[in-house]
Amino acid sequence: MNQSISRTLFEKAKTFFPGGVNSPVRAFGSVGGTPVFLRSGKGAVVEDEDGNSFIDFCCSWGPLIHGHACDEVLQALSETMQNGTSFGTPTRLENELAALVINHHPMVEKIRFVSSGTEAVMSAVRLARGFTGRDKILKFEGCYHGHVDSLMVKAGSGLVTFGTSSSAGVPAALANETLVVPLGDTAALQEVFASYGNQIAAAIIEPVPANNGLLLQEKSFLQTLSVLTKEHGALLIFDEVISGFRIGFSGAAGYYGIAPDLFTFGKIIGGGLPVGAYGGRAPIMSCVAPEGNVYQAGTLSGNPLAMAAGIAQLKKCLTEGFYESLEAKTKLLCAGVNHFCEEKNIPLSLVSIGSIFWFSACSTEVIRRADKISEKGVSLFNRMYHLMLERGIYFGPSAYEVGFVSSAHQEDQLHQAIEVITGTAEQAWKTIR
Ligand SMILES: *Cc1c(COP(=O)(O)O)cnc(C)c1O
C-alpha cells in the first residue's frame, strides 16, 4: 500500500501539532506506523490522500451512524448555511433538535446543548455538585468521560480508592474528590457507598463502557448502582456520549430500562459536527443558569449548522425498523467472524451490542473489567491491524477502541470485512502462538 502522501503530511503535521495530531489516538501510537490522512468519505467507504480506499468501521469514532456524507445531513447543512453560520441568539433549530430528543427519549425532560462530549460531562458534573451541595464524584475504572479534570483519574490499588490523576496537570486536590471502583464489582460499590455515600454528588458511568474495550455490564450491576445512588441522595449520570442514539434511540437507559438523573450526549447527536448535550430530570436541569445558579455557557452552543446536522441525522434514526436493521448488520459481521474463529481455534471473538462491536481476544470469559483485557489479545489485534488496513478495512487504531457499523454499510461490504478479519486473524495468530 502506498502511503507516501500520508507520510509526508504527518511529518509536516509534527511541526505544527504535539505528536502531529489534534487528538492523541489519531497518531497511531498503539498500532505503530503512519496515520492514514483521510480526504473523503461516502457511505461506508473512505479514501486517503494517497488514493487508497477503505471500508470504515471507525466512523469518526461513532458520530456517523448513517455513514459518511449522508445525503440528508449534507442537504440540511447546505440549506442552513445559506442563512449564516452563527448568531449567538436563540434559534428555531435548537428547539427542533431538543424536541426530537425530548419527544422520543422518555427520560430526558430538559436538555442543554454544548459543543463536545467533554463539555457535556464537565457541565453535568458541575450541575450534580451544585444540585446536591456535595463534592465527591464516583467513577469506574475503564470508563472514559472525555478529558474532564476531575475524571482524568485512575484507581489506586485497593477495592475502593481515591483517584490518582492519569494526566499531568490535574491537581491532586481535584483527583482526591473522585472515588474510583472497578466495573462490575457489586461489593466495591456497596463499600464505597457505605463509606462515602453522603458525600457523593454523583456516580458517573458509561452504562455501555465502550472506550476501553467493550466492557458490557450486567443489568443487575447497573440496577444496584441506581438503587444505591437513590438511597444515598447522590445523582446517577449516564454518560451516553457513545451509546446514546446508538443502542436504540433511548440508548443504554432504554436498553436496560434504568433511568438515571442526568445524561450526557455527544457524537451521534451532532451528525458529525461538534455537539454535546446534557439533560435529564427537569428539577435538576432547572438549576442551570439563568434559571438556577449553576453557571454554564457557550459562544457557539446550539450552533445552527450543528443543530441542522443533528436534526437530519436523528430524524433518520427514527424511521421504522432503523435500529433493528443496524443491529442485524452488526450481528452478521460478528457471527461471520466468530464462526470462523471458533472452527479454526483462534481465540478471537467480536462482542457486540446494538451496532457497537469489539475485538475481544485471548480470553475465555466475557470481559467486564478493564483489568481483564488480555495483553496477548492486544498484541494479536496490533498484528492484525496493518494487515487489515492493507486489505482495505479501517478500524480505530487501537485494540481498546470499539468499531461501529453504520446504516450505510452494505451486506457485501460486511462479507468483505469478514473475509479480511478472519484471514488476517489466522495469519497473525500463527505468529503469536
Ligand atoms: C467520546 C466520549 C466523550 C468525550 O466526547 P468529546 O466530544 O470527545 O469531548 C465522553 N464520554 C464518552 C463516553 C465518550 O465516548
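The values are calculated or read from the model by the stated rules, or taken from the named source; none is laboratory data. All of these numbers come straight from a predicted model, not from anything done at the bench. Here the Cβ positions follow ideal geometry from the backbone for every residue, glycine too, while neighbour counts run over all protein chains shown. With ligands, DNA and RNA removed, areas are computed over all heavy atoms of the protein, side chains included. Shrake-Rupley method; radii C 1.70, N 1.55, O 1.52, S 1.80 Å.
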Positive-end residue of H232, T178, I269, charge dipole of the range 160-301 with Cβ unit charges: I269
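In nm, what is the difference between 0.36 nm times the number of residues separating N293 and I432 and their Cα-Cα distance? Please list the in-between numbers first.
Numbers: separation 139, 0.36 × 139 = 50.04 nm, distance 5.73 nm.
Difference between extended and current length: 44.3 nm.
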Between S23 and A69, what's the calculated FRET efficiency when r is the beta-carbon distance and R0 is 25 Å? Round to 0.05. 0.75
Where in the range 150-168 does the label zone of D371 land, with the point 7 angstrom along Cα→C-beta and an amide N cut-off under 12 Å? 155-161
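Which of the three applies to the range 222-290, rounded, prolate or oblate, going by the alpha-carbon gyration tensor with a ≥ b ≥ c and a/c under 1.5 meaning rounded? Don't skip to the end; give the middle numbers.
On the way: a/c = 2.74, a/b = 1.28, b/c = 2.14.
Verdict is oblate for the range 222-290.
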Rounded to the nearest 10 Å², the accessible area of E79 using a 1.4 Å probe with every protein chain kept is 110 Å²
Dipole of the chain, Cα-centred, from +1 at each Lys and Arg C-beta and -1 at each Asp and Glu C-beta, to the nearest 20 debye? 600 debye
Excluding ligands, DNA and RNA, what is the solvent-accessible area per residue of the range 284-366 at a probe of 1.4 Å, expressed in Å²? 45 Å²
In what sequence, largest accessible area first, do H104, H68 appear using a 1.4 Å probe? H104, H68
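Does the range 172-293 classify as rounded, prolate or oblate by the C-alpha gyration tensor (a ≥ b ≥ c root eigenvalues; a/c under 1.5 gives rounded; else a/b over b/c gives prolate, otherwise oblate)?
Working: a/c = 1.61, a/b = 1.18, b/c = 1.37.
Cα axes put the range 172-293 in the oblate bin.
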Counted charge near I393, where neighbours are those whose Cβ lies closer than 11 Å (Asp, Glu -1; Lys, Arg +1): -2
Between N95 and S325, 0.36 nm times their residue separation minus their Cα-Cα distance comes to what? 79.9 nm
With a Förster distance of 25 angstrom and the Cβ-Cβ distance between D135 and H104, calculated FRET efficiency to the nearest 0.05 equals 0.10
As a test question: what accessible area, to the nearest 10 Å², does W61 have when a 1.4 Å probe is rolled over all protein chains in place? 60 Å²
Would you calculate a helix-derived [θ] at 222 nm for the chain, using -39,500 (n - 2.57) for each DSSP H run of n ≥ 4 and dividing by the full residue count, to the nearest 500? -12000 deg cm²/dmol
Just going by the charge dipole of the chain, with Lys and Arg at +1 and Asp and Glu at -1 on Cβ, which of C341, W429, F162 is farthest out on the positive end? F162
Can you tell me which lysines have their Cα less than 28 Å from the Cα of K344? Leave out same-chain residues fewer than eight positions away. K329, K331, K372, K376, K430
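For the range 1-143, which whole-number percentage of the solvent-accessible area (1.4 Å probe, protein heavy atoms only) is attributable to carbon and sulfur atoms?
On the way: 3640 of 6980 Å².
C and S atoms contribute 52 percent here.
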FRET efficiency, K42 to L387 (Cβ-Cβ, R0 35 Å, nearest 0.05): 0.90
T364-N2 pseudo-label distance in nm [points 7 Å out on the Cα-to-Cβ vector]: 5.0 nm
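Using a ≥ b ≥ c from the Cα gyration tensor of the chain (square roots of the eigenvalues), is it rounded, prolate or oblate, where a/c under 1.5 gives rounded and otherwise the larger of a/b and b/c decides, a/b for prolate? Numbers along the way, then the final one.
On the way: a/c = 1.59, a/b = 1.20, b/c = 1.32.
Cα axes put the chain in the oblate bin.
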Could you put L332, L414 in order of accessible surface area, largest first, with the 1.4 Å probe and the full protein assembly present? L332, L414
Point-to-point label distance, Q416-F16, nm (Cα→Cβ direction, 7 Å offset): 3.0 nm
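For the range 31-162, report the accessible area per residue in Å² (1.4 Å probe, heavy atoms, rounded to an integer). All intermediate terms of the calculation are to be shown ahead of the outcome.
Values: 5840 Å² over 132 residues.
Normalised by residue count, the accessible surface of the range 31-162 is 44 Å².
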Put S379, S226 in order of accessible area, largest first, 1.4 Å probe: what do you get? S379, S226
With a 1.4 Å probe and every protein chain left in place, tell me how much accessible area D135 has, in Å² to the nearest 10. 90 Å²
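Could you work out the relative contact order of the chain? I mean the mean sequence separation of Cα pairs under 8 Å and 6+ apart, divided by the number of residues, in percent.
Details: 858 pairs, mean separation 91.7, N = 433.
Dividing the mean separation by the residue count of the chain yields 21 percent.
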